[in-house]
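Participant: Here it is, the structure, as structure tokens.
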Amino acid sequence: MKKGIYFIFVAFVVLIVACNKDDIKVFNGKYQVYFDKFYMNALSPGKEQADTTRVSFFFYPEDTESIKVKLAVQLSGSMLTSDLHFGLKVIPDAGTAQAGEYSLEDQYTFHARPVPEGDKEIRDTIEVTLNKSDRLVEMGEEGIRLVLELVPNENVDLGQYERRRAVIVWTNVEAKPEWWDYEVQYALLGEYSYEKYKLFLEVVEGASELNGEMIKESPAKAIDLVNQFKKWLNDHLGDPDKGEEYQRILDSLI
């Protein structure tokens, strides 16, 4: 009797383990689509932070009327055997973009193709067109904000809640460089401002070469560029039109 109970218990454990293995298959079940970036901070216990896609017409020729921004999307579920389509819609109340300042496709496509060994997600990229409008310059550093949400259909559901939307902000001014982080703010250039960075690029030879690699590999060179900027500001504090502005910038430097 005890032996019979033992075998039943073992069989039950094996069944549970088998079921658990099925549950954790990477590519299994109905498709769910979601963006690569989080549009809001992850819900507990997740720790991922909200991430906005930022672009600027500043880096394009002056006659550029539209630019395409790439958004990475991911898919969970069974391996794709054919292309999978889904939609996008605008959430007007969450942004400032107006009709005519962006263009969306009727549908977007997740392309069926082999997934590299070891990958845990199926990835693809879609494009959204951003149009330059008359009010873009007026918006300054704040720019225009567009919030998009994925649209499911009978073939695909929505994935993780915090990644169902994407936030895009575009401007006509110089975007804050990625390398201008906490350390740069408190050890080199102070708090970022568009006016400060624009002037730095205009008056200091080689300022455009300042980047994360220089700060890490050649910190003395980065410090020298900032010192040149300070000297230029000191030399021009007597400017009758912009002297006060130069003083404010100089005071903000470390």
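The values are calculated or read from the model by the stated rules, or taken from the named source; none is laboratory data. Predicted model, so just to flag it, every value in this text is computed and none were measured. Here the Cβ is made from the backbone with ideal geometry for all residues, glycine too, and neighbour counts use every protein chain on show.
Participant: State which residue pairs qualify: first residue within 19 Å of Ile249 (Cα to Cα) and inside the stretch 203-215, second residue in a loop (DSSP other than H, G, I, E, B) in any location, beta carbons under 8 Å apart, and separation of 6 or more residues or different chains.
Facilitator: Sorted first by the residue in the stretch 203-215, then by its partner, the pairs are Leu210/Trp179.
Participant: State whether the residues of the stretch 204-213 include one that is assigned to a loop (DSSP other than H, G, I, E, B), closer than 20 Å to Glu141 by Cβ and either modelled with pLDDT under 95 or not basic (Lys, Arg) (or both).
Facilitator: Yes, the conditions are met somewhere in the stretch 204-213.
Participant: In the list Thr109, Thr81, which residue meets the criterion of being polar (S, T, N, Q), over 17 Å from the mean Cα position of the chain (by Cα) and part of a loop (DSSP other than H, G, I, E, B)?
Facilitator: Just a single option satisfies the conditions, and that option is Thr81.
Participant: Still on this structure: Only residues that are under 13 Å from Glu162 (Cβ atoms) and either part of a strand (DSSP E or B) or of a type in the set (D, E, K, R) (or both): list them for the stretch 37-60, please.
Facilitator: Lys37, Lys47, Glu48, Asp51 - these are the residues of the stretch 37-60 that are under 13 Å from Glu162 (Cβ atoms) and either part of a strand (DSSP E or B) or of a type in the set (D, E, K, R) (or both).
Participant: Residues that are in a loop (DSSP other than H, G, I, E, B), surrounded by 15 or more Cβ atoms within 10 Å (Cβ to Cβ) and either touching a helix residue (DSSP H, G or I) at 6+ places or on another chain (Cβ under 8 Å) or at negative phi (or both): does the stretch 216-227 have at least one?
Facilitator: The answer is no, given that none of the residues of the stretch 216-227 is in a loop (DSSP other than H, G, I, E, B), surrounded by 15 or more Cβ atoms within 10 Å (Cβ to Cβ) and either touching a helix residue (DSSP H, G or I) at 6+ places or on another chain (Cβ under 8 Å) or at negative phi (or both).
Participant: Another question, then. Suppose we filter the stretch 184-196 for residues that are modelled with pLDDT under 90 and in a helix (DSSP H, G or I); how many remain?
Facilitator: 2
Participant: Can I ask one more? Answer with yes or no whether Thr96 is modelled with pLDDT under 95 and either of a type in the set (A, V, I, L, M, F, W, C) or part of a loop (DSSP other than H, G, I, E, B) (or both).
Facilitator: no
Participant: For the stretch 122-133, name all the residues that are part of a strand (DSSP E or B) and in contact with a helix residue (DSSP H, G or I) (Cβ under 9 Å, 6 or more places away or on another chain).
Facilitator: Correct list: Leu130 only.
Participant: Against the condition surrounded by 15 or more Cβ atoms within 10 Å (Cβ to Cβ), in contact with a strand residue (DSSP E or B) (Cβ under 7 Å, 6 or more places away or on another chain) and assigned to a loop (DSSP other than H, G, I, E, B), how does Leu136 come out, does it pass?
Facilitator: yes
Participant: I'd like to check something: does the stretch 71-83 contain any residue that is closer than 30 Å to Tyr197 by Cα and at pLDDT 80 or above?
Facilitator: yes
Participant: Hey, could you check the stretch 84-106 for residues that are surrounded by fewer than 11 Cβ atoms within 10 Å (Cβ to Cβ) and acidic (Asp, Glu) and say which is nearest to the chain's Cα centre (by Cα)?
Facilitator: Per the stated criteria, the residue is Asp93.
Participant: For the stretch 126-141, indicate whether the set of residues that are under 27 Å from Glu48 (Cα atoms) and at pLDDT below 95 is non-empty.
Facilitator: yes
Participant: Right, another one. With respect to Thr109, determine if the residue is surrounded by fewer than 20 Cβ atoms within 10 Å (Cβ to Cβ) and free of Cβ contacts under 8 Å to residues at least 40 places away in the same chain.
Facilitator: So Thr109 fits the description; yes.
Participant: Are there any pairs with C-beta distances below 7 angstrom linking a residue in the stretch 227-254 that is within 17 Å of Ser193 (Cα to Cα) to a residue that is among the hydroxyl-bearing types (Ser, Thr, Tyr) and surrounded by 16 or more Cβ atoms within 10 Å (Cβ to Cβ), with the two at least 6 apart or on different chains, and if so which?
Facilitator: Every condition considered, the pairs that remain are Leu233/Tyr246.
Participant: Determine whether Leu130 is within 30 Å of Ser82 (Cβ to Cβ), of a type in the set (A, V, I, L, M, F, W, C) and surrounded by 12 or more Cβ atoms within 10 Å (Cβ to Cβ).
Facilitator: no
Participant: List the number of the failed condition for Leu146; all other conditions in (1) free of Cβ contacts under 8 Å to residues at least 60 places away in the same chain; (2) assigned to a loop (DSSP other than H, G, I, E, B) hold.
Facilitator: Unmet for Leu146, out of (1) free of Cβ contacts under 8 Å to residues at least 60 places away in the same chain; (2) assigned to a loop (DSSP other than H, G, I, E, B): (2).
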